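Right, one structure below, let's go through it.
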Amino acid sequence: SGERKSTVDRLFTAPILEWETQQAHDAKPALLEYRVRLEEWELKGERLKADIRKGVITTMHDPQFDPLIQHELQKPTPPRVPCVMRGDDTPEALAKALSDYPVASVISAEAGVIFGAHGMNADSVTRNLAQANECWDGGRIQRSRVSSGDMTVEGMRVTMGLPVQASGLENFIQKTGPLARGIGYFDRFLFS
C-alpha cells in the first residue's frame, strides 16, 4: 500500500480506455443497425414457423432448400466492439470476451482481487492457470457446455499486468503450493 500502484495503473491504461471509449462510440450506429436487423430476422423466423405449422410451407430434407436452414444462415452477426481491458473476469467470462474480440489485457491495480478470486480456489485453480497459460501463449481455447454451447477461440493475444503487495502474492503461493511455478504460470511474468 502506498507504492503508487493505482497511479501507475491509471497512467498506463488511460490511452487504452480512451481508445475503447472511442471504439464504443464509433460502433453505436452499427450496433443500432444490428439490433434492428436482428429484430427483423426474429420476426421473419416467427412468421416462417407459423407458416410451417399451418402447412403453407414445408421443410425439406435438402439443406439447400430447407427454409428454416436458409433462414438460420441469414442471421445477422453483431459488430465487434473492442473491449480489451479486463479485470476481475472469471476464466469463463474472459474466454467468452475473447471469443467476441480476441485481444485482452488483464490489468488490475488491485491484483489481490484476481489472486484471491473464486476461480483461484483449490477446486479450479489448475484449470484456470492453464487457461491463463494458453491465453498468454496465443493458443486455443475450446469449450463445450450444455448451458452455453460450444466456443472456440484461436489467435488470441492476452497480456497481464498485476501489481500486488508481497503479502497478497505470498498468500496465493501458500494456497496453490508449487502449482503456479510447476505449470509455468509464473514463468510468463516479469516480476519487479
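Which count do you get for residues in the stretch 1-34 that are over 16 Å from Arg86 (Cβ atoms) and β-branched (Val, Ile, Thr)? Count: 2.
Run down Gln131, Gln70 and say which single residue is open to solvent by 60 Å² or more (accessible area, probe 1.4 Å), at pLDDT 85 or above and either farther than 22 Å from Gly184 by Cα or part of a helix (DSSP H, G or I) (or both).
Matching residue, one of Gln131, Gln70: Gln70.
Just to be sure before I move on: is Thr77 closer than 27 Å to Glu42 by Cα, of a type in the set (Val, Ile, Thr), under 14 Å from the mean Cα position of the chain (by Cα) and exposed (fewer than 12 other Cβ atoms within 10 Å of the Cβ) in the structure I sent? So Thr77 does not fit the description; no. Can you tell me which residue in the stretch 49-59 is surrounded by the most Cβ atoms within 10 Å (Cβ to Cβ), limited to those that are part of a loop (DSSP other than H, G, I, E, B) and touching a Pro at 6+ places or on another chain (Cβ under 9 Å)? By that ranking, first place goes to Ile57. Scanning the stretch 163-192 for residues that are under 26 Å from Cys83 (Cβ atoms) and open to solvent by 30 Å² or more (accessible area, probe 1.4 Å) yields Pro163, Val164, Arg188, Phe189, Leu190. Of all residue pairs spaced 6 or more apart or on separate chains, those with beta-carbon atoms under 7 Å, a first member in the stretch 163-190 that is under 21 Å from Thr7 (Cα atoms) and a second member that is exposed (fewer than 12 other Cβ atoms within 10 Å of the Cβ) are Gln165/Ser1. Among residues of the stretch 141-158 that are open to solvent by 100 Å² or more (accessible area, probe 1.4 Å), those with a beta-carbon under 6 Å from a residue that is in a strand (DSSP E or B) at least six positions away or on a different chain give the pairs Gln142/Thr152; Asp150/Ser144; Glu154/Arg140; Arg157/Val103.
Cβ-Cβ contacts under 8 Å between residues 6 or more apart (or on different chains), taken from a first residue in the stretch 13-34 that is without any contact (Cβ under 8 Å) to a residue 60 or more places away in the chain to a second residue that is open to solvent by 50 Å² or more (accessible area, probe 1.4 Å), are listed as Ala24/Cys83; Leu31/Pro78; Tyr34/Thr77; Tyr34/Pro78. Of all the numbered requirements in (1) of a type in the set (A, V, I, L, M, F, W, C); (2) open to solvent by 20 Å² or more (accessible area, probe 1.4 Å); (3) outside any helix (DSSP H, G or I), Ala109 misses one, and that requirement is (2).
Let's see how each residue does on (1) open to solvent by less than 90 Å² (accessible area, probe 1.4 Å); (2) aliphatic (A, V, I, L, M):
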position: Ser6; (1), (2): yes, no
position: Glu20; (1), (2): yes, no
position: Leu32; (1), (2): no, yes
position: Arg47; (1), (2): no, no
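In the stretch 122-136 there is no residue matching the filter, namely being hydroxyl-bearing (Ser, Thr, Tyr) and closer than 30 Å to Leu43 by Cβ.
The values are calculated or read from the model by the stated rules, or taken from the named source; none is laboratory data. Please read all numbers here as calculations on a predicted model, not as lab measurements. Positions of Cβ are generated from backbone atoms using ideal geometry, with glycine treated the same way; all protein chains shown enter the neighbour counts. Protein only, heavy atoms only, side chains kept; ligands, DNA and RNA dropped before computing areas. Shrake-Rupley method; radii C 1.70, N 1.55, O 1.52, S 1.80 Å.
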